[in-house]
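Derivation of every value follows stated rules applied to the coordinates shown; laboratory data play no part. Just so it is clear, the structure is predicted and the values come from calculations on it, not from any experiment. So basically every Cβ, Gly included, is an ideal-geometry build from the backbone, and we count neighbours across all protein chains shown.
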Amino acid sequence: MSILIQLLLIGLVAGIAGGMFGIGGGAIMVPAMVLLMGLDQKLAIGTSIGAQILPIGLLGAIVYYENGNLNIRWALVIAIGLLVGNLIGAKVAQPISSETMKKLYGGFLLLIGLRYMLFR
């Protein structure tokens, strides 16, 4: 799978989760870039922040950029997926009960945590 497709999918999934759960960068984009794409943790963090640059991560992105830990092109591609995915996630979440959303969110975070702890 090409890097462009991988980045778009990361942005889309993060956008959907952002629309559903109010999360995205740290819980989805960073682990996906580190665990699925093999990026360095700092590069993944910087790129995630860059994707969310307006207005969320501008100052943090500048620091990561100054230290060589931000791929601007990749951040922009992820941002496209975030824009579309956030709309989809928000629409999907509306008919789901709050209790079910809590369980889905908890399960998702548990899976990410286990993946980080048990596999490299």
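A convex hull fitted around the alpha carbon atoms of the stretch 3-118 yields 92 Å³ per residue. On a 0 to 90 degree scale, rounded to 10, what angle separates helix 3-21 from the longest Cα axis of the chain? In the chain, helix 3-21 runs at an angle near 40 degrees to the longest axis.
Considering the zone a paramagnetic label at LEU59 would reach in this model (a point 7 Å from Cα along the Cα-to-Cβ line), which residues of the stretch 25-52 have amide N under 20 Å from it? Counting only backbone N, you get 25-26, 45-52. Less than 12 Å Cβ to Cβ from MET20, Lys/Arg counted +1 and Asp/Glu -1: what total charge do the surrounding residues give? Net charge around MET20: +2. For a modelled paramagnetic label at LYS103, 7 Å from Cα along Cα-to-Cβ, the residues of the stretch 15-31 in reach, with backbone nitrogen under 20 Å, are 17, 20-22. Answer rounded, prolate or oblate for the stretch 57-120, using the Cα gyration tensor with square roots of eigenvalues a ≥ b ≥ c: rounded when a/c is under 1.5, else prolate when a/b is larger than b/c, else oblate. It comes out oblate by the Cα gyration axes.
A Gaussian network model of the chain, with springs between Cα atoms under 10 Å, assigns the largest mean-square fluctuation among LEU76, LEU59, LEU87 to LEU59. Each Lys or Arg adds one and each Asp or Glu subtracts one; over the other residues with Cβ under 14 Å from the Cβ of PHE108, this totals +3. Amide hydrogen proximity for ASN71: with H placed 1.01 Å from N in the peptide plane, the residues at 5 or more positions away or on another chain lying under 5 Å are THR47.
Give me the lysines in straight-line cross-link reach of LYS91: C-alpha distance below 26 Å, same-chain residues under 8 apart excluded. By straight Cα distance, LYS91 reaches LYS102, LYS103.
Just checking the listed ones, GLY85, GLY19, GLY68: in the Gaussian network model of the chain with Cα springs under 10 Å, the one fluctuating most is GLY68. Rounding to the nearest 10 and keeping the result within 0 to 90°, find how far the Cα-based axis of helix 72-93 lies from the longest principal axis of the chain. Helix 72-93 and the main axis of the chain meet at about 10 degrees. For the chain, the longest principal axis of the alpha carbon atoms and the long axis of helix 41-51 meet at an angle near 80°.
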